[in-house]
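The values are calculated or read from the model by the stated rules, or taken from the named source; none is laboratory data. The model shown is predicted, which means the values in this text are computed figures rather than measured ones. Cβ atoms come from the backbone with ideal geometry, glycine included; neighbour counts cover every protein chain shown.
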Amino acid sequence: MTCLPVSTEKRLGLAIDLDTCVGCQACVTACKGWNDQGYGVPLSDQNPYGAEPSGVFLNRVHSYAVQPIEGEAQTINFPRSCLHCEDAPCVTVCPTGASYKRSEDGIVLVNEDACIGCGLCAWACPYGAREMDAEAGVMKKCTLCVDRIYNENLPEEDREPACVRGCPTGARHFGDFADPDSKVSRLSAERSGYALMPDLGTKPVNRYLPPRKKDVRQDASILAPLLDIKASGFAGWLDRVLGKI
Amino acid sequence: MHPAPSVIVFSVLSGAGFGLLFFLGLGFVHPSGLVAFLWWGLGYGLAVIGLLASTFHLGNPKRAWRAFTQWQTSWLSREAWASVAALVLLAPMALSDWLDLGLPRPFGWLGAALALVTVFTTSMIYAQIKAVPRWHHWLTPVMFLSFALAGGAVLAGQSFAAVLLSALAAVLLAIWQVGDGQFARRAQTLGTATGLDRIGEVTVFEQAHTAGNYLLREMIFVVGRKHAQKLRAIALALAAVIPAALLVISGEVWTFALAAICHLIGALTARWLFFAQAEHVVGLFYGKR
Ligand code: SF4
Ligand code: SF4
Ligand code: SF4
């Protein structure tokens, strides 16, 4: 049903740390790898080895250059996947009921057996979190790895999203934002986590943790005192003689 | 936004078709016999061809029936219901005209109203999308309804069609004027979209992917915007100005036919622009609009 639940018991989502993300694309690969053989149809590629390859990914990592008013420019890597919005416009526009938000944990999913591939939900999402599968003609999106997080066949440490598990720097955190004591809630509170484009009224669950304040660059080299060594002995005599010539 | 030919053809033809059905249903013309068959047939034909064309851009057209299920939240689903209801409710009136059954005219009124409701639901599919600022305002339904009424009146051979065509011209000028400023009014930039404006000025350092993807093809369609001004002039002339002038000059059947063809070509051009010029906010993440 495309009516949104009034509230959800849990608000599962990701806290993405823009300070630690190094833009290695490991989460992109981990996501593609897991979801290619998990929930729903595989994430197809078109012309993968040709001149113009194209394919479905549920997570993309951008790189931006940010120039503060004072100080050095920074490179900020920016992962982008579904934010599992509370007021998800992608769900309400869906004519078939294929798109829905789960009342138990707030995960936004597509029932691919009911999807007609009209693409309207992808239009409605402001964050580009949905991509149509050109092979199967159905809409694909981040499932929050619903087939991992509750999967008792996996060892306990693997019961988190593939992108979180695969991140080598621990820049992606998974948890319940409805619980104020959860890791993601505390991280978000401590680090002033923010939602993307809140003025569009989508109420995203995911939070982005802004990069920490950078140190001020010291203009004098920290090696400067070392360069000022007074030579002594034979080297000192040579230095003095040569200086006089 | 990518101007998919099927969607452009669908919305223009079904809009004109439902416009004609509106005037036939209200009884602005009282055709009978073969003329009634052809006239109503034209209305039904345009509306149905349009609706069929709209299924061509679906990834899974065989499941299209499911689009009837979510009328509570989805404008696309409401459109499905409204169109079928209009076509069914107008059928007795069409039969009565064709076979001279003498059904009282009010029988057609509800169907006529639903024909306009259908056009309105179509327009709301676009107008509801906040992520496309150019579409997300009240002039979008006004524009769709103006096209349906003007096109319908021309096809119904009404003398006041010239007035509706002039109104359409005004609406087109207004929606272009307002639309051009919509994205700026939303005040979204790469900085606000990423939230990184809290640190400084944001530019794209490296794209997220080197190859194309669905988002770039479907939502970040930038080709063809270059000739927008020329195409607007062509659309305005063909959809409204020339047909209106033709109808002022003469009220013959052939002028109406010529005006209708001219109007439809202009409407297709305007609808192409409606998509091609629309910018989705997701383009910001790619440093594009
Ligand atoms: S990020 Fe997009 S796809 Fe995900 S819930 Fe929000 S609107 Fe829907
Ligand atoms: S593409 Fe599928 S999930 Fe998206 S709105 Fe259409 S039917 Fe619903
Ligand atoms: S939670 Fe799972 S599906 Fe979503 S981006 Fe991460 S790996 Fe992909």
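Numbers at a glance
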| item | result |
| --- | --- |
| The stretch A:105-132 residues that are more than 9 Å from every other protein chain (Cβ to nearest Cβ) and under 17 Å from B:Trp65 (Cα atoms), paired with ones that are aromatic (Phe, Trp, Tyr) and surrounded by fewer than 24 Cβ atoms within 10 Å (Cβ to Cβ) (beta carbon under 8 Å, 6 or more apart) | A:Asn111/A:Tyr100 |
| Scan of the stretch B:208-233 for residues that are surrounded by fewer than 16 Cβ atoms within 10 Å (Cβ to Cβ) and either in a helix (DSSP H, G or I) or modelled with pLDDT of 95 or more (or both), ordered by number | B:Arg217, B:Ala228, B:Gln229, B:Lys230, B:Ala233 |
| B:Ser77 in contact (Cβ under 8 Å) with a residue 60 or more places away in the chain, within 14 Å of chain A (Cβ to nearest Cβ) and closer than 30 Å to A:Pro5 by Cα | no |
| Residue check for A:Cys82: near ligand 1 (Cβ under 10 Å from one of its atoms) and out of contact with any Leu (no Cβ under 8 Å at 6 or more places or on another chain) | no |
| Residue under evaluation A:Gly137, criteria (1) touching a helix residue (DSSP H, G or I) at 6+ places or on another chain (Cβ under 7 Å); (2) at the interface with another protein chain (Cβ under 10 Å from one of its Cβ atoms), criterion not met | (1) |
| Sole exception among (1) of a type in the set (Lys, Arg); (2) closer than 27 Å to A:Ser44 by Cα; (3) outside any strand (DSSP E or B) for A:Arg186, by number | (2) |
| Pick from the stretch B:48-64, criterion surrounded by fewer than 18 Cβ atoms within 10 Å (Cβ to Cβ) and more than 9 Å from every other protein chain (Cβ to nearest Cβ), ranking: modelled with the highest pLDDT | B:Val48 |
| Every residue from the stretch A:31-68 that is touching a residue at least 12 places away in the same chain (Cβ under 8 Å), more than 16 Å from ligand 2 (Cβ to nearest atom), within 10 Å of chain B (Cβ to nearest Cβ) and hydrophobic (A, V, I, L, M, F, W, C) | A:Phe57, A:Val61 |
| Set A:Cys142, A:Cys118: member being modelled with pLDDT under 95, within 16 Å of ligand 2 (Cβ to nearest atom) and within 25 Å of A:Lys32 (Cβ to Cβ) | A:Cys118 |
| Qualifying positions in the stretch A:116-135 - farther than 29 Å from A:Asp158 by Cα and assigned to a loop (DSSP other than H, G, I, E, B) | A:Ile116, A:Gly117, A:Cys118, A:Gly119, A:Cys125, A:Pro126, A:Ala134, A:Glu135 |
| Candidate set from the stretch A:148-174 (those that are surrounded by fewer than 16 Cβ atoms within 10 Å (Cβ to Cβ) and not in a loop (DSSP other than H, G, I, E, B)); member that is nearest to ligand 3 (Cβ to nearest atom) | A:Asp158 |
| Residue list for the stretch A:72-98, filter: more than 7 Å from chain B (Cβ to nearest Cβ) and more than 22 Å from the chain's Cα centre (by Cα) | A:Glu72, A:Ala98 |
| Some residue of the stretch B:140-148 being part of a helix (DSSP H, G or I) and within 14 Å of chain A (Cβ to nearest Cβ) | yes |
| Pairs where the first residue, in the stretch A:181-206, is within 14 Å of chain B (Cβ to nearest Cβ) and the second is of a type in the set (Val, Ile, Thr) and within 16 Å of ligand 3 (Cβ to nearest atom), C-beta under 8 Å, 6+ apart | A:Asn206/A:Ile16 |
| Long-range neighbours under 8 Å by Cβ, at least six apart or interchain, first residue crowded, with 17+ Cβ neighbours inside 10 Å within the stretch B:252-265, second assigned to a loop (DSSP other than H, G, I, E, B) | B:Phe256/B:Gly157 |
| Filter pass, A:Ala15 being away from ligand 2 (no atom under 16 Å from the Cβ), out of contact with any strand residue (DSSP E or B) (no Cβ under 7 Å at 6 or more places or on another chain) and not polar (S, T, N, Q) | no |
| Every residue from the stretch A:72-94 that is modelled with pLDDT of 95 or more and in a loop (DSSP other than H, G, I, E, B) | A:Cys82, A:Leu83, A:His84, A:Cys85, A:Glu86, A:Asp87, A:Ala88, A:Val93, A:Cys94 |
| Matching residues, the stretch A:47-71, being more than 16 Å from ligand 3 (Cβ to nearest atom) and in a loop (DSSP other than H, G, I, E, B) | A:Asn47, A:Pro48, A:Tyr49, A:Gly50, A:Ala51, A:Glu52, A:Pro53, A:Pro68, A:Ile69, A:Glu70, A:Gly71 |
| Failed item, numbered, when B:Leu42 is tested on (1) over 30 Å from B:Leu284 (Cα atoms); (2) within 16 Å of ligand 2 (Cβ to nearest atom); (3) within 19 Å of the chain's Cα centre (by Cα) | (2) |
